[in-house]
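Only one structure is covered here, and it is reproduced in the block below.
All of the numbers you see were taken from the coordinates with simple rules; none came from a lab. Bear in mind the structure is a predicted one, so any value in this text is a computation, not a measurement. Here the Cβ positions follow ideal geometry from the backbone for every residue, glycine too, while neighbour counts run over all protein chains shown.
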Amino acid sequence: MRVYADNAATTRMSETAIAAMLPYMDKIYGNPSSLHSFGQEAAEVLQQARETVAGLLGAESREIYFTSGGSEADNMAIISAARLGAKKGKKHIISSRIEHHAVLHTLDKLKKEGYEITLLEVGREGRVKAEDVAAAIRPDTALVTIMYANNEIGTIQPIKEIGAICKEKGVIFHTDAVQAVGHLDINVKEQNIDMLSLSAHKFHGPKGVGALYCRRGLILTNIIEGGGQERGKRGGTENIPAIVAAAAAMKEACENIEKHAIYVSALRDRLIKGLAHIPHAVVNGSGEKLPGIANFCFEGIEGESLLLLLNKDGIAASSGSACTSGSLDPSHVLLALGLPHEVAHGSLRISLCHYNTIEEVDHIIASVPKVVDYLRDISPVWEALMEGERPHVI
Ligand SMILES: *Cc1c(COP(=O)(O)O)cnc(C)c1O
């Protein structure tokens, strides 16, 4: 049995999304910027896709900018807000320690340019406190950027509260909602969100396409210069097949949020219950979480070895973020929870979706304890723990 349990890294495209994109490869293939009928047909479907995405977020179509994905949308939002702040002499940005690298590395770049960055702590729960955001805001704060839901441990952040605080204080609020869109109900106006990033391949759409919602009145800075596409803010001929498929996938996902959440969270709970007998293990992050993500740490083992052996059993999982740079550093998210390095190393992220079955989850439940036992048997660290030469942490 081959089980795909890495849906936080990427998802399989839905049949609806595939069907939606096909006609725009060979039948309606004009460039939306062209004045002739071929171009105008493409411009029309582009506008329809923009309206679909906007409607599903509670936004206006002119507030949606299509990008190459979540990373580009994050870069564009953060750089734009930073530039707007600098014009008013505001060069302080607030974020959290558990953001995606698309956010953290963009902030690193701004830091080198002289911006001051505050990264909020998340505690063992893995959640930013709205009052911490309020306390961190200064007169020179240009931007608060806090992710909607974490991609490694699934914790959902108090977005509406943070948005209200930012609104009151006149600070731009961006959220990386790449893991949340299509999985949780979102309304940018009700939740006081100024900017929001999304990516189609996290909700069964194609890879390489996403969008940035940017509230009317906020001026974006171009990351890619070009021919004036996307209201002049993002150059490059629009990827019409991918954009159409992204909109179709988003519509399908948003219409089924509740149904999928009930099914997927039942699978996840079965998984957590099925692995609960493994000693010296912990489920990371607590409180409100995404339906599909379960993140574990097993003391005395290496996450990488665990993944390789699970892969031999046909199970595709992850030890955290898919964006490992080949380094053996443990996940920055797990370290932010306060887990010691050696425990954070033994992490396993299982991320499920509505295509997964009970049989697949039962296969994972059968395999993980076997693999954990095997690795602990050959682990000098586990031996030291068992001999009492070092204390158990979990
Ligand atoms: C996947 C992901 C991204 C990056 O999106 P891409 O479309 O792959 O560039 C950004 N943020 C989060 C939280 C993600 O899960």
Treat each spin label as a single point 7 Å out from the Cα along the C-beta direction, and report the residue 2 to residue 44 distance in nm. 4.1 nm
Return the distance in nm (one decimal) between the two label points of a simple spin-label model at residue 131 and residue 386, each offset 7 Å from Cα along Cα→Cβ. 4.6 nm
Please report Rg (one decimal) and Dmax (integer) in Å for the Cα set of segment 168-289. 18.4, 59
With +1 on each Lys and Arg Cβ and -1 on each Asp and Glu Cβ, and nothing else charged, work out how big the dipole of the chain is about its Cα centre, in Debye to the nearest 20. 1160 debye
With springs connecting C-alpha atoms under 10 Å apart, model the chain as a Gaussian network and identify which of 384, 81, 247 has the largest mean-square fluctuation. 384
Can you give me the angle between helix 101-112 and the longest principal axis of the chain, using Cα atoms only, in degrees from 0 to 90, rounded to the nearest 10? 70 degrees
Checking the table 207/233; 109/160; 91/169 against a 23 Å threshold on Cα-Cα, which pairs fail? 109/160
Do you know the Lys pair count in segment 237-394 for C-alpha distances under 26 Å, with sequence separation 8 or more or different chains? 8
Going by alpha carbons, how many degrees (0 to 90, nearest 10) lie between the helix axis of 37-57 and the longest principal axis of the chain? 50 degrees
Residue span residue 365 to residue 83: 0.36 nm per residue of separation minus Cα-Cα distance leaves a gain in nm of 96.6 nm
222 nm mean residue ellipticity, helices alone, for the chain (DSSP H n ≥ 4; -39,500 (n - 2.57); rounded to 500): -12500 deg cm²/dmol
Pick from 64, 137, 146 the residue whose mean-square fluctuation is largest in a GNM of the chain, springs joining Cα atoms under 10 Å. 137
Charge dipole (debye, nearest 20) of segment 40-118; +1 at Cβ of Lys and Arg, -1 at Cβ of Asp and Glu: 640 debye
For segment 2-70 and segment 188-231, write down the distance between their C-alpha centroids in whole Å. 13 Å
Charges on Cβ only, +1 for Lys and Arg, -1 for Asp and Glu, centred on the Cα centroid of the chain; of 262, 32, 292, which one is farthest towards the dipole's positive end? 32
Based only on other Cβ atoms within 10 Å, what is the fewest-to-most ordering of 63, 252, 152? 252, 63, 152
Residue 107 neighbourhood, Cβ < 13 Å, K/R = +1, D/E = -1, net charge -1
